[in-house]
Structures are given as structure tokens and as C-alpha cells.
Amino acid sequence: MSTNDGGPAFPQPLAVDPHDSKVPFKAPAEPGMTLRDWFIGQAIIAIYQNDRRDFSFAEDAGAAVKLADAMIAELNKPNT
């Protein structure tokens with residue numbers, strides 16, 4: 001089972017063709033980081049802003065990954 005990465009954190013823009021249809025913008029670019037990667041980076045910043053050192057780096061990284069996965073799961077819930 002693969003992990004839902006949330007898709008691209010900074011998706012490619014859409015362009016409008018001559019028929020006013022939105023089409024993917026054709027530009028040489030890499031897909032970049034995923035939304036999951038972005039959330040992990042943001043979570044680790046928040047963890048270290050608390051200036052606590054009672055956990056190992058591995059535990060902090062694991063917490064950031066769990067938080068990112070929880071955020072993606074929450075985003076994928078149907079609107080109520």
C-alpha cells in the first residue's frame with residue numbers, strides 16, 4: 001500500500017488555449033516536492049520551535065511524518 005502524498009505542494013499552473021479550455025501549462029519543470037513533504041517540513045519547524053530536547057531526532061521526525069499524514073487524511077475527508 002502506498003502512502004497518499006497529497007499531490008504536488010506547488011502544482012503547475014493551468015494555461016488557457018485558444019478555445020478557452022484550461023490545459024496544463026507546458027513548461028520544462030520538475031514536479032517538485034509533494035504536499036506531504038511540505039507538511040513534514042512545516043511540522044518539524046513547529047516541533048523545534050517548542051525548544052524541547054526530551055526526544056531524539058528520529059522521534060521528532062516520526063512525529064512530523066505522523067502529523068503530515070494526519071493532515072492529508074483530514075484533507076481527504078468528505079465535506080460535512
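What follows draws every value from the coordinates through simple rules; no lab data is involved. Predicted, not measured: the structure shown is a model, and the values here were computed from it. Methodologically, a virtual Cβ is constructed for each residue, glycine included, from the backbone with ideal geometry; neighbour enumeration extends over all protein chains shown.
Modelled spin labels at Val65 and Asn79, positioned 7 Å past Cα toward Cβ, are 3.3 nm from each other. Relative protection proxy for 34-46, 66-78, from highest mean packing down: 34-46, 66-78 (other beta-carbon atoms within 10 angstrom).
Using a Förster distance of 22 angstrom, determine the FRET efficiency expected from the C-beta separation of Thr3 and Asp54, and round it to 0.05. The calculated FRET efficiency here is 0.20.
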